[in-house]
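Quick notes on the structure that follows.
The values are calculated or read from the model by the stated rules, or taken from the named source; none is laboratory data. Quick caveat: nothing in here was measured; it's all calculated off a predicted structure. Positions of Cβ are backbone-derived with ideal geometry, glycine not excepted, and every protein chain shown enters the neighbour counts.
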């Protein structure tokens, strides 16, 4: 929802994870119309990040509030990795050493491992949090918001979300007692879980289900999510997007992109925050008489757009279909008589 | 030239050709055929023939001028015809038939024969007399005026006989230039109007939905837009959106005002009709916002339907009635029609800057992960089993494996979700539509 020149209630950090999510975010135009948003864009594909960083690219348009991170391949052995992280890392199999790399992660586990080992991601997140805490807002302040944004369009990108929240919670330790309250929401464009997906969408379906299952498990036991053991400390809702009609949640990546753009812009609007405030589990974990891990929320979105050009075309077709039989003009001689 | 009736186009051309022939031959005088003070051997007959041939040679230029004028007149008549009825095609038909009736032009031999045939016997004699008189200037001064007068009289008669021949020749050249063109245009128009008629007869109603860019985007109902357009274009549309009888003449006037060739090409004609209708609607909608659209159409916004379409998918599958929050951002315009309507359903609706975009969102609270996954009819155990190879870290994988084992050992499947959470199994997959 467009919010320019309207009272703000929050500054937001949006963590955008994976190429599909980056594509949806970049094309949403949300940064253009919301000055109270900064973003960290992370991808396991080097080309994606290079495109964002090139002169005239997305980052150059918002240099003070866009941070990009290339999640480089993890080392094949973890000899140099701090011991405390090892239980959450998945080493690559020797047979897979030539796969993945700069072209992207091998799988969800590889993506999560890359993210957990990425100092650049952690630093970028820190800078974004500083930006969000330091920017003066124009309305009545509620909190600083962090939105983890992932379209489970393919297998890998969504694999980083749990790890990203863990890192985020750890970074927030630095802000404890010295800064605003922070609300973390996760916005997931999920594939159909309800019915068998078309073959080309099977990955997304499995990725979506895996992500939701992981989040559920992490909520039940925060020590499973990552080395910080703090997963869920600031968590608000996990918003799962989808339309009402049967057949699943989202049909394809295009649909995920379109709807998640709408949802994201709705979520960052000040009015939305006020409406959702009462439902924040961090304020009252037993909201809606549910247990603490019941933090998944459904989102439905719809825009009604009046596009005169499109409407004119269709109305013209209706008129054509209902035009009367052309009347023969009355000859002048007959008219005179 | 002024062709006022396409059926008389040929006669008008003939009249113009006659006038042109008279003008051209009028320049041939005694002085130009046999100059009085000619120094040397005069050949007045040769001069005459040369001048006449030159006149015939200039016939093409005259014909071109007449063709241009005729074409302009016929186009004017055609435009008038189209203004009354875009399917009419009498003008080109009648003009073509009329022009076809003109005589054929003369070829080089024909011109030669026509000139020679009209010269006769007396004119050459009169020419020779004057020629001789010129060479014997001093001796034969006497009778000079009489001989020149005789040549003048013969010359006038010759010109009088020649004028209709040249006129026919010019008219024939016009025919050659114009008749085929008019026939071709008539035939092309026939094809175009048949195609246009077929296009109209086979046109299908697009339905009442105006789609948006994706599944979560749509436009106002087509009937609402149509009615709003009808208010603005009452000359073309009844209040309920049905086209009036004036719509065809209006289309005729539209094409008559532009390139007539459009109506001589089936695809162009069809395209022109589409463009005319679209531009008529677009001009009627010009400046209308989403809000003003409903005010103008005097139709209530379809708020309940929209809100229904914005409902969150996870409303189903919950063991308890979830709480809902509705949000709306309504275009901020002068009229309050839309925002008042939306606020009857969503009291917290706020106004937004965009004029033509209403945004609705529904949030439903709150669910556990197992409830979300339990939507799959194959059961939670199946889902967990499918995703285990794809879990993002070993610790989570271990936890999910343990959960799966627990479900299996409890002998449950999807309904085990609710059991694991301490809820009755009602309302998960069973409530999925």
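Results for (1) surrounded by 15 or more Cβ atoms within 10 Å (Cβ to Cβ); (2) in contact with a helix residue (DSSP H, G or I) (Cβ under 6 Å, 6 or more places away or on another chain), shown as yes or no for each residue.
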residue	(1), (2)
A:38	yes, yes
A:50	no, no
A:63	no, no
A:67	yes, yes
A:77	no, no
A:87	no, yes
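Only one residue in B:170, B:210 is touching a helix residue (DSSP H, G or I) at 6+ places or on another chain (Cβ under 7 Å) and touching a residue at least 60 places away in the same chain (Cβ under 8 Å). Which one?
Criteria check complete, one pass: B:170.
Count, please, the residues in region B:90-137 that happen to be under 18 Å from residue B:49 (Cα atoms) and touching a residue at least 60 places away in the same chain (Cβ under 8 Å).
Total satisfying the criteria: 9.
Just wondering, is there one or more residues in region B:148-155 that are exposed (fewer than 15 other Cβ atoms within 10 Å of the Cβ) and part of a helix (DSSP H, G or I)?
So far as region B:148-155 goes, yes, one or more of its residues are exposed (fewer than 15 other Cβ atoms within 10 Å of the Cβ) and part of a helix (DSSP H, G or I).
Please state which of the following conditions residue A:214 fails to meet, knowing it meets all the rest: (1) at the interface with chain B (Cβ under 7 Å from one of its Cβ atoms); (2) at pLDDT below 70; (3) touching a helix residue (DSSP H, G or I) at 6+ places or on another chain (Cβ under 6 Å).
(2)
Taking region A:182-208, which residues are under 18 Å from residue B:389 (Cα atoms), at pLDDT 65 or above and more than 10 Å from chain B (Cβ to nearest Cβ)?
The one that is under 18 Å from residue B:389 (Cα atoms), at pLDDT 65 or above and more than 10 Å from chain B (Cβ to nearest Cβ): A:204.
Can you tell me which of B:230, B:253 is over 21 Å from the mean Cα position of the chain (by Cα) and more than 8 Å from chain A (Cβ to nearest Cβ)?
So the residue among B:230, B:253 that is over 21 Å from the mean Cα position of the chain (by Cα) and more than 8 Å from chain A (Cβ to nearest Cβ) is B:230.
Quick test of your reading of the structure: residue B:185 fulfils all but one of (1) more than 8 Å from chain A (Cβ to nearest Cβ); (2) without any contact (Cβ under 8 Å) to a residue 60 or more places away in the chain; (3) surrounded by 13 or more Cβ atoms within 10 Å (Cβ to Cβ). Name the failing condition by number.
(2)
Can you tell me how many residues in region B:20-50 are in contact (Cβ under 8 Å) with a residue 24 or more places away in the chain and in a helix (DSSP H, G or I)?
Residues flagged as in contact (Cβ under 8 Å) with a residue 24 or more places away in the chain and in a helix (DSSP H, G or I) within region B:20-50 amount to 11.
Go through region A:226-273 and give me each residue that's at pLDDT 90 or above and either touching a strand residue (DSSP E or B) at 6+ places or on another chain (Cβ under 6 Å) or within 7 Å of chain B (Cβ to nearest Cβ) (or both).
The answer is none; no residue qualifies.
In region B:44-77, what residues are within 14 Å of another protein chain (Cβ to nearest Cβ) and buried (at least 24 other Cβ atoms within 10 Å of the Cβ)?
Residues satisfying the conditions do not exist here.
Only one residue in B:57, B:73, B:107 is closer than 30 Å to residue B:190 by Cα, assigned by TED's automatic domain parsing to the domain that holds residue B:194 and modelled with pLDDT of 90 or more. Which one?
Exactly one residue qualifies, and that residue is B:73.
Would you mention how many residues in region B:198-227 are part of a helix (DSSP H, G or I), within 8 Å of chain A (Cβ to nearest Cβ) and loosely packed, with under 14 Cβ neighbours inside 10 Å?
Number satisfying all stated conditions: 0.
Quick check on region A:56-65. Is at least one of its residues within 14 Å of chain B (Cβ to nearest Cβ) and either free of Cβ contacts under 8 Å to residues at least 40 places away in the same chain or farther than 23 Å from residue B:355 by Cα (or both)?
No, there is no match, as no residue in region A:56-65 is within 14 Å of chain B (Cβ to nearest Cβ) and either free of Cβ contacts under 8 Å to residues at least 40 places away in the same chain or farther than 23 Å from residue B:355 by Cα (or both).
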